Structure formats: C-alpha cells, structure tokens
Amino acid sequence: EAQVTQNPRYLITVTGKKLTVTCSQNMNHEYMSWYRQDPGLGLRQIYYSMNVEVTDKGDVPEGYKVSRKEKRNFPLILESPSPNQTSLYFCASSLVEYNEQFFGPGTRLTVL
Amino acid sequence: QKEVEQNSGPLSVPEGAIASLNCTYSDRVSQSFFWYRQYSGKSPELIMSIYSNGDKEDGRFTAQLNKASQYVSLLIRDSQPSDSATYLCAGNSGGYQKVTFGTGTKLQVIP
C-alpha cells in the first residue's frame, strides 16, 4: 500500500529534550516536506527536500532541522524543543515538487 | 497580502446544494494549485489539482482557475453531509519548490 508513515503519532516531552519525528514514504517520491498546523494559522511549511541531500527552508524553519540521506526517509529534528513548538506536524511527499502531495497521519507534539 | 487566502467560514449549505469555495493568491504563487479536504483530526487528502486556466471536473467536484484574476475555486455539487470538512487551497511558490496553504474554509452541509 502506497503511504507516508510518521512516528510517533503522539508525543509529550519537556523543554530542551531533543527529539526526532520520523517520516518514511514507499512511493519513490523525490519531494518531501514537513508542515506544522496550528489553529487559525493553517498548514505552514517548515522544510522541504527536492531529493537526497537537497533540503531547504520553508516558511517557519526556526528551531527545526531535517536531513535526507535516503530517498524514502525525511526525519524532523527538534534539538531543543520549546513550548511554542507544540503543534500538529505533518510529513508529505510528492513525485516532484509541483505535483499533489500525499500526507502522513500526523504527529501531535506537546512540549511542556 | 498573504500568498494564498481563503475565507475561514464556516460556509453552511443545505444537503443537495452547490457549495462554492474560493481562494485568491498573490503574484508569488506559481501555476500549480491544489484543493485538499481535511476532516477534523485527520490528515489532508487531495481533492483536485489544477494547472491551467479554466475548469476541471471530477465527479461532483469542479475546480476553476482564473490566472488573470488570481483566484481558484472549488464547486461541490449535490453536497452531502459527508462533505462537511475543512477545505484547504494550496499553490506552489518560490519557483515551484515551496508549497503555500491557505488557512482553510470550513464547510458544513446541513441535512
């Protein structure tokens, strides 16, 4: 089954404790992206990747890191999480950057 | 001006009616546009994509793109209660590489 998976689905952590949210797709897509969704602000792009080893900042990259060492994986790293990073996070992928995206199930993160 | 703008709603329509959802975009947004549907607590799922001026129909859904006026719309015919969701408009920006979403329009279909 073609899909985008994310783990964990729910995470409660404390300020400053490094965490990684994994994202994996099995569709051989070149383009992958991370979004956060907050009430009233909609989906905002954090980082995107055009292909392996090619990543770039979206609209809200501060406090986040990403890497793309393999085509299928695109982890999101919060090295020192803060409460303002409490949000619902989505990973998405598409064949290429101007195609429709397929979204993962989301990760609800709470930073205390 | 925001890159992609939508009325947040809620937009209420009776069952069986046509729901019309609108989205405007700035000059920075490129020529690929998408409509996604998102149920509460779920991930967005693609409804329609549209790349060129004019109309594109898929079942009960019609997407319309007007580049001169910089708007994209989604029409849902014969609206059903199951269509009640938030509809997100999105477009490519930054030379296609970035994707910008509107804040979404909440649609309520009243039985």
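The values are calculated or read from the model by the stated rules, or taken from the named source; none is laboratory data. Small disclaimer: the values here were computed from a predicted structure and weren't measured. Cβ: placed from backbone, ideal geometry, glycine included. Neighbour counts: every protein chain shown. Heavy atoms of the whole protein, side chains included, go into the accessibility calculation; ligands, DNA and RNA do not. Shrake-Rupley method; radii C 1.70, N 1.55, O 1.52, S 1.80 Å.
Data overview
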item: Breaking point among (1) closer than 14 Å to A:Tyr48 by Cα; (2) away from chain B (no Cβ under 14 Å), for A:Asn84; result: (1)
item: Matching residues in segment B:1-15 - criterion: being in a strand (DSSP E or B) and either open to solvent by 50 Å² or more (accessible area, probe 1.4 Å) or out of contact with any strand residue (DSSP E or B) (no Cβ under 9 Å at 6 or more places or on another chain) (or both); result: B:Glu5, B:Leu11, B:Ser12, B:Pro14
item: Number of positions in segment A:26-64 that are within 24 Å of A:Arg108 (Cβ to Cβ), outside any strand (DSSP E or B) and without any contact (Cβ under 8 Å) to a residue 40 or more places away in the chain; result: 10
item: Flag if B:Ala68 is among the hydrophobic types (A, V, I, L, M, F, W, C) and part of a strand (DSSP E or B); result: no
item: Residues of segment A:73-85 classified as open to solvent by 50 Å² or more (accessible area, probe 1.4 Å) and free of Cβ contacts under 8 Å to residues at least 60 places away in the same chain, total; result: 1
item: Residue that is nearest to the other protein chains (Cβ to nearest Cβ) [pool: residues in segment A:43-72 that are surrounded by fewer than 20 Cβ atoms within 10 Å (Cβ to Cβ) and of a type in the set (A, V, I, L, M, F, W, C)]; result: A:Met50
item: One residue from B:Arg37, B:Arg28, B:Arg60 being at pLDDT 95 or above and open to solvent by 60 Å² or more (accessible area, probe 1.4 Å); result: B:Arg60
item: Test result for B:Ser43, touching a Pro at 6+ places or on another chain (Cβ under 7 Å), within 14 Å of chain A (Cβ to nearest Cβ) and either assigned to a strand (DSSP E or B) or within 18 Å of A:Gln45 (Cβ to Cβ) (or both); result: yes
item: Output for segment B:83-98, where each listed residue is without any contact (Cβ under 8 Å) to a residue 24 or more places away in the chain and either under 14 Å from the mean Cα position of the chain (by Cα) or not in a loop (DSSP other than H, G, I, E, B) (or both); result: B:Lys98
item: Test result for B:Ser20, at pLDDT below 95, within 13 Å of the chain's Cα centre (by Cα) and part of a strand (DSSP E or B); result: no
item: Filter result for the condition that a residue is more than 10 Å from every other protein chain (Cβ to nearest Cβ), touching a strand residue (DSSP E or B) at 6+ places or on another chain (Cβ under 8 Å), hydrophobic (A, V, I, L, M, F, W, C) and open to solvent by 70 Å² or more (accessible area, probe 1.4 Å), over B:Ile50, B:Ile18; result: B:Ile18
item: Whichever residue in segment B:99-111 is outside any strand (DSSP E or B) and under 17 Å from B:Trp35 (Cβ atoms) and, among such residues, is nearest to the other protein chains (Cβ to nearest Cβ); result: B:Thr103
item: Residue in segment A:73-81 that is within 14 Å of chain B (Cβ to nearest Cβ) and either more than 24 Å from B:Thr103 (Cα to Cα) or outside any loop (DSSP other than H, G, I, E, B) (or both) present; result: no
